[in-house]
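Q: Sharing a structure with you now.
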Amino acid sequence: MIRDRISEIRDGQTYSIRRFRLVVALLTIVTLPFVIGTSYLIYQYLRYSVLVERRLKGERWMIPSRVFSRPMSLHRGQRLTMTQLVNALNGLKYEEKGDGPANPGEFVVDERTVAFFPRFDPRNPEPTGEPLAATFGGGRWTPPAKKGKTVEQPVHVQEIRGRSSKTLFDSVDLEPELITYLFDESREKRRRIRYADISDNVKYAVLAIEDRRFFSHPGLDPLRLAGALIRNLRTESDVPQGGSTITQQLVKLYFLREADERGYRVAPRTYKRKIQEAMLAFVLERRATKEEILELYLNEIYLGQIGSFSINGVGQAARMYFHKDVANLTLPEAALLAGMIRSPNPYNPYRHPERALDRRNRVLCAMNEAGFIDAATSQAALAQPLHVERPRVDSAEAPYFVDLVREQLAQRYGGQDLTTQNLSIFTSLDPFLQTVAQDAMRRGLQGVDKMIRRKVATPVQGCLIALEPRTGAVVALVGGRSYGSSQYNRVTQARRQPGSTFKPFVYLAAFEATFEDLALPPITPATVVDDSPTVFFYEDKEYTPQNYQNEYHGQVTLRRALALSLNVATVKVAEMVGYDKVANLWSKKMGMSAEMRAYPAVALGSFEATPFEIAVAYNVLANGGLKVDPVTVMRVTDEKGRMLEQHNPRPPTQVVRKESAFLVTHMLKTVIDAGTAAEARRRGFAADAAGKTGTTNDMRDAWFAGYTPDLLCVVWIGFDDNTPLNLSGARAALPIWIDFMKTALAGKKTGRFQVPSSNVVFVEIDKYNGYLATPMCPKVISEVFIAGTEPLELCPEHRY
């Protein structure tokens with residue numbers, strides 16, 4: 001019996017062990033997937049946490065370097081419209097108000113007045129205590145809405161006055177304007193904005209159409225996911241439809257972009273990617289606040305393409321589509337941008353205005369449904385027509401100038417990537433003059449198109465560069481017709497024949513020879529040469545130049561030869577001086593890059609130079625023989641405002657004598673007053689100015705280079721492929737120069753060219769033969785001479 005009991009106990013133990021093993025096996029089978037799944041989720045959570053942290057704090061989130069203009073200057077009489085001033089204030093992130101302004105950084109627009117509260121006093125660096133009012137006047141125009149009725153349109157600054165003190169200002173300087181952020185090779189344009197800078201109109205419009213429950217869900221919206229799941233079950237498509245929240249969209253834009261040979265592309269839409277989006281969204285919501293996520297999203301979203309640039313972020317889109325700061329967008333404007341997020345190109349208001357309007361109205365209705373606006377506000381906004389401004393990448397952001405700044409900084413900083421260094425780069429660019437230059441070039445090229453009157457394979461191109469003579473500051477630069485179509489900067493890269501724009505340097509070499517070669521008879525503006533068909537010999541070769549339209553004038557003074565741009569007379573001057581001296585002046589004395597051959601054709605500009613080099617050379621004349629280095633970057637500071645670089649100009653070099661430079665400048669004044677550029681006076685340009693037209697013999701290039709004591713400008717027009725333009729510099733380039741200079745100098749007190757020293761004298765001579773004038777001479781002028789070279793013999797043709 002005891003034995004049987006022991007046997008029963010053993011059998012029970014065996015059963016218990018088996019049962020225990022079975023339970024353990026079952027528990028393992030049940031819990032192992034859970035443990036593995038949990039471990040996998042923890043691993044993925046940690047992995048994605050690292051990814052999110054790295055991306056949030058990595059290079060793409062580092063603030064890119066910013067390029068600023070010089071402070072914009074307002075002055076009485078300035079040819080500036082109210083719209084242009086409002087655009088400038090928007091560029092400076094001033095906030096538009098309905099009344100006031102009460103605080104610095106605000107402005108109000110009235111019928112003829114723009115009142116603004118500067119962030120600093122124009123008279124001193126301390127904050128100003130009152131707003132200023134710029135009153136506009138003058139001009140007549142025909143607005144489209146008036147159906148042909150002419151009304152008054154303010155087109156110039158009439159006065160600038162303190163609103164409280166009534167103090168009258170001659171001029172006021174605003175802050176430096178942010179031109180652009182430095183972009184990388186992806187060519188994405190964006191303006192970084194903070195959450196606090198985003199208006200409620202923009203926030204509510206985006207939330208209403210993209211993610212109404214954004215501030216309440218944990219990164220995933222179960223209701224939207226359920227709706228998307230039902231739609232996916234009802235469709236046979238292999239591409240899953242999304243119920244993506246803003247957080248998930250940001251994950252797709254910011255964390256799941258893959259590189260390829262074209263730059264960046266979004267990873268393909270698959271179920272695997274949707275799971276990745278969900279997990280990353282869950283992690284992101286725990287690593288950043290809702291405000292930070294929305295800020296990052298609104299800085300990243302793609303909102304269309306302008307030329308070769310993609311427009312990213314609502315800050316850049318507001319500037320591009322409406323010429324406004326994002327804080328000043330109206331409700332319909334904010335709704336339009338929000339509606340473009342889903343499909344920017346189909347809803348592009350430039351190409352598909354009706355489709356864009358329908359989408360905007362849908363957003364407005366969604367805002368009403370979500371309770372963000374009431375029905376009356378929605379109806380008022382729906383009644384507004386679709387309105388966008390003309391895209392202005394070229395004029396607003398000076399892309400050719402920015403490219404030049406980037407190249408120069410890359411050389412100075414050893415090729416470092418400056419796009420993510422959070423530098424502030426303050427430049428010499430004048431935002432008003434840049435806009436004026438771009439508009440003048442656009443209008444001028446349209447006029448050239450009409451004059452060409454033939455089909456061409458490629459559009460005619462042009463470029464313009466403007467400098468301050470005394471400082472060398474590059475204040476405006478237009479490198480081509482359209483930066484979106486061609487990024488080739490013709491100011492700095494196009495090597496073209498200068499043609500007749502080189503002639504002043506032939507005469508400069510002649511006047512310099514008066515000092516250097518005592519055996520050479522003095523050459524003066526009154527020296528007479530024979531402008532008749534001539535064959536020139538050099539190196540056993542013949543050279544036979546021809547005047548424009550084969551017109552010859554016989555005996556002419558050098559002043560008249562330059563004023564009328566006579567080819568034969570100019571080559572004879574070069575022959576008198578020596579072709580080697582002409583070549584040496586350009587290459588050695590003035591330090592230009594082109595090496596010249598000493599032969600007759602060089603006198604007519606038969607070599608290559610860039611418009612930038614021509615501007616530097618003419619600036620020597622404008623500065624009385626001093627060579628001033630051009631400058632674009634004035635200073636560079638880091639994120640803490642510490643100075644990394646500041647422009648300290650080196651003393652200019654006296655490359656030619658001031659007397660010689662003044663003689664050429666005085667002769668070039670005649671070009672504008674009564675020579676090939678006399679059209680400038682006929683069009684009302686009254687400032688004291690000197691300049692020269694330029695046309696190559698085959699008429700492939702048209703130039704005008706001219707300057708006042710305060711501003712120098714060079715314009716080139718031609719085809720990139722060297723197709724003959726068949727237009728002279730006076731017809732193609734001069735009108736653009738006039739247009740730019742008249743607007744640039746309007747309202748300013750322009751100076752006059754000063755006689756450099758007592759070594760320069762004025763003597764009355766016969767205009768045509770250069771002898772001392774008698775009372776019988778029919779045409780007498782006051783000619784300028786270097787002391788000791790003036791004529792001593794009375795005019796033999798008109799004696800008593």
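The values are calculated or read from the model by the stated rules, or taken from the named source; none is laboratory data. As the structure is a prediction and not an experimental result, all values here were calculated from the model. No Cβ is skipped: glycine too gets one built from the backbone with ideal geometry, and neighbour counts run over all protein chains shown. What goes into the accessible areas is simple: the full protein's heavy atoms, side chains included, and nothing from ligands, DNA or RNA. Shrake-Rupley method; radii C 1.70, N 1.55, O 1.52, S 1.80 Å.
Q: Would you say GLU613 is without any contact (Cβ under 8 Å) to a residue 24 or more places away in the chain and among the acidic types (Asp, Glu)? Outline the logic, then answer.
A: Working: without any contact (Cβ under 8 Å) to a residue 24 or more places away in the chain: yes; among the acidic types (Asp, Glu): yes.
It is true that GLU613 is without any contact (Cβ under 8 Å) to a residue 24 or more places away in the chain and among the acidic types (Asp, Glu).
Q: Do you know which residues across the range 570-595 are without any contact (Cβ under 8 Å) to a residue 60 or more places away in the chain, open to solvent by 30 Å² or more (accessible area, probe 1.4 Å) and not in a helix (DSSP H, G or I)?
A: SER593, GLU595
Q: In addition: Could you tell me whether any residue of the range 657-673 is surrounded by 17 or more Cβ atoms within 10 Å (Cβ to Cβ) and among the small types (Gly, Ala, Ser)?
A: Looking for residues that are surrounded by 17 or more Cβ atoms within 10 Å (Cβ to Cβ) and among the small types (Gly, Ala, Ser), one finds at least one in the range 657-673, hence yes.
Q: Further, regarding this structure: Is it the case that VAL475 is under 30 Å from GLU645 (Cα atoms) and modelled with pLDDT of 95 or more? Don't jump to the end; show me each part of the working.
A: Working: under 30 Å from GLU645 (Cα atoms): yes; modelled with pLDDT of 95 or more: yes.
Yes: the conditions hold for VAL475.
Q: Considering only the range 731-750, state which residues are over 17 Å from LEU433 (Cα atoms) and open to solvent by 30 Å² or more (accessible area, probe 1.4 Å). Show your work before the answer.
A: Of the residues in the range 731-750, the ones over 17 Å from LEU433 (Cα atoms) are 731-734.
ARG731, the sole residue that qualifies.
Rundown of residues vs (1) assigned to a helix (DSSP H, G or I); (2) open to solvent by 30 Å² or more (accessible area, probe 1.4 Å); (3) touching a residue at least 12 places away in the same chain (Cβ under 8 Å), yes/no style:
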site	(1), (2), (3)
LYS503	yes, no, yes
TYR507	yes, no, yes
ALA510	yes, no, yes
PRO522	no, yes, yes
ASP530	no, yes, yes
PHE537	no, yes, no
ALA561	yes, no, yes
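Q: If only one of ASP720, ASP766, ASP698 is at pLDDT below 95 and either within 26 Å of the chain's Cα centre (by Cα) or closer than 30 Å to SER73 by Cα (or both), which one is it?
A: On the way: ASP766 fails: either within 26 Å of the chain's Cα centre (by Cα) or closer than 30 Å to SER73 by Cα (or both); ASP698 fails: either within 26 Å of the chain's Cα centre (by Cα) or closer than 30 Å to SER73 by Cα (or both).
Checking each option against the conditions leaves just ASP720.
Q: Here is a follow-up. How do the pairs read when you match residues in the range 65-88 that are farther than 27 Å from LEU409 by Cβ with residues anywhere that are hydroxyl-bearing (Ser, Thr, Tyr), using Cβ under 8 Å and keeping only pairs 6 or more apart or on different chains?
A: LEU74/SER171; HIS75/SER171; ARG76/SER171; ARG79/THR743; GLN84/THR435
Q: Quick one: in the range 612-625, of everything that is more than 30 Å from SER782 (Cβ to Cβ) and of a type outside the set (A, V, I, L, M), which residue is surrounded by the fewest Cβ atoms within 10 Å (Cβ to Cβ)?
A: GLU613
Q: Can you tell me which residue in the range 110-129 is most open to solvent (accessible area, probe 1.4 Å), limited to those that are in a loop (DSSP other than H, G, I, E, B) and at pLDDT 85 or above?
A: Step one: filter the range 110-129 for residues in a loop (DSSP other than H, G, I, E, B), giving 110-112, 117-129.
Filter once more, so that each one left must be at pLDDT 85 or above: 110, 112, 117-118.
Details: ASP110: 105, ARG112: 77, PHE117: 15, PRO118: 3 Å².
Filtering the range 110-129 for residues that are in a loop (DSSP other than H, G, I, E, B) and at pLDDT 85 or above, the one most open to solvent (accessible area, probe 1.4 Å) comes out as ASP110.
Q: Looking at the range 294-333, which of its residues are open to solvent by 10 Å² or more (accessible area, probe 1.4 Å), part of a strand (DSSP E or B) and aliphatic (A, V, I, L, M)?
A: ILE306
Q: Name the residue, out of ASN759, ASN726, that is open to solvent by 70 Å² or more (accessible area, probe 1.4 Å) and either of a type outside the set (Gly, Ala, Ser) or touching a residue at least 60 places away in the same chain (Cβ under 8 Å) (or both).
A: Numbers: ASN759 fails: open to solvent by 70 Å² or more (accessible area, probe 1.4 Å).
One residue alone meets the criteria, ASN726.
Q: Failed condition for ALA705, given (1) within 25 Å of the chain's Cα centre (by Cα); (2) in a loop (DSSP other than H, G, I, E, B), with all others met?
A: Every listed condition holds for ALA705 apart from (2).
Q: Among the numbered criteria (1) without any contact (Cβ under 8 Å) to a residue 12 or more places away in the chain; (2) over 16 Å from PRO630 (Cβ atoms); (3) part of a helix (DSSP H, G or I), which single criterion is violated by MET367?
A: Exception for MET367: condition (1).
Q: Also, quick follow-up: Could you list, in sequence order, the residues of the range 439-495 that are of a type in the set (Phe, Trp, Tyr) and crowded, with 23+ Cβ neighbours inside 10 Å?
A: Initial filter on the range 439-495 (of a type in the set (Phe, Trp, Tyr)): 483, 488.
The one that is of a type in the set (Phe, Trp, Tyr) and crowded, with 23+ Cβ neighbours inside 10 Å: TYR483.
Q: Something else about it: Checking the condition crowded, with 20+ Cβ neighbours inside 10 Å, basic (Lys, Arg) and closer than 29 Å to LEU92 by Cα, which residue from ARG360, ARG390 passes?
A: ARG360
Q: From the list VAL474, VAL456, VAL448, pick out the single residue that is over 29 Å from VAL628 (Cα atoms), outside any loop (DSSP other than H, G, I, E, B), hydrophobic (A, V, I, L, M, F, W, C) and touching a residue at least 24 places away in the same chain (Cβ under 8 Å). It would help to see each step written out before you state the result.
A: Details: VAL474 fails: over 29 Å from VAL628 (Cα atoms); VAL456 fails: outside any loop (DSSP other than H, G, I, E, B).
After applying the criteria, what remains is VAL448.
Q: Separate question: Contact list please: Cβ distance under 7 Å, first residue in the range 630-655 and under 18 Å from GLU468 (Cβ atoms) and in contact (Cβ under 8 Å) with a residue 24 or more places away in the chain, second residue in a strand (DSSP E or B) and among the acidic types (Asp, Glu), pairs at least six apart or on different chains.
A: Every condition considered, the pairs that remain are ARG635/GLU645.
Q: Oh, and also: Can you work out which of the residues in the range 626-642 that are modelled with pLDDT of 85 or more and more than 28 Å from GLY591 (Cβ to Cβ) is surrounded by the fewest Cβ atoms within 10 Å (Cβ to Cβ)? Give the derivation first.
A: If we filter the range 626-642 for residues that are modelled with pLDDT of 85 or more, which is where we start, we get 626-637, 642.
This time we only want the ones that are more than 28 Å from GLY591 (Cβ to Cβ), so: 637, 642.
Working: THR637: 16, ARG642: 8.
The qualifying residue surrounded by the fewest Cβ atoms within 10 Å (Cβ to Cβ) is ARG642.
Q: Of the residues that make up the range 665-687, is at least one closer than 30 Å to PHE785 by Cα, part of a loop (DSSP other than H, G, I, E, B) and in contact with a Gly (Cβ under 8 Å, 6 or more places away or on another chain)?
A: Our first condition is that a residue be closer than 30 Å to PHE785 by Cα; within the range 665-687, this holds for 665-682, 684-687.
With the extra rule that they be part of a loop (DSSP other than H, G, I, E, B), the set shrinks to 675-678, 684-687.
Among the residues that remain, those that are also in contact with a Gly (Cβ under 8 Å, 6 or more places away or on another chain) are: 676-677.
So far as the range 665-687 goes, yes, one or more of its residues are closer than 30 Å to PHE785 by Cα, part of a loop (DSSP other than H, G, I, E, B) and in contact with a Gly (Cβ under 8 Å, 6 or more places away or on another chain).
Q: Quickly run through the range 762-780 and pick out the residues that are open to solvent by 40 Å² or more (accessible area, probe 1.4 Å) and not hydroxyl-bearing (Ser, Thr, Tyr).
A: We begin by selecting, within the range 762-780, every residue open to solvent by 40 Å² or more (accessible area, probe 1.4 Å); these are 762, 764, 767-768, 771, 775-776, 778-780.
Matches in the range 762-780: PHE762, GLU764, LYS767, PRO775, MET776, PRO778, LYS779, VAL780.
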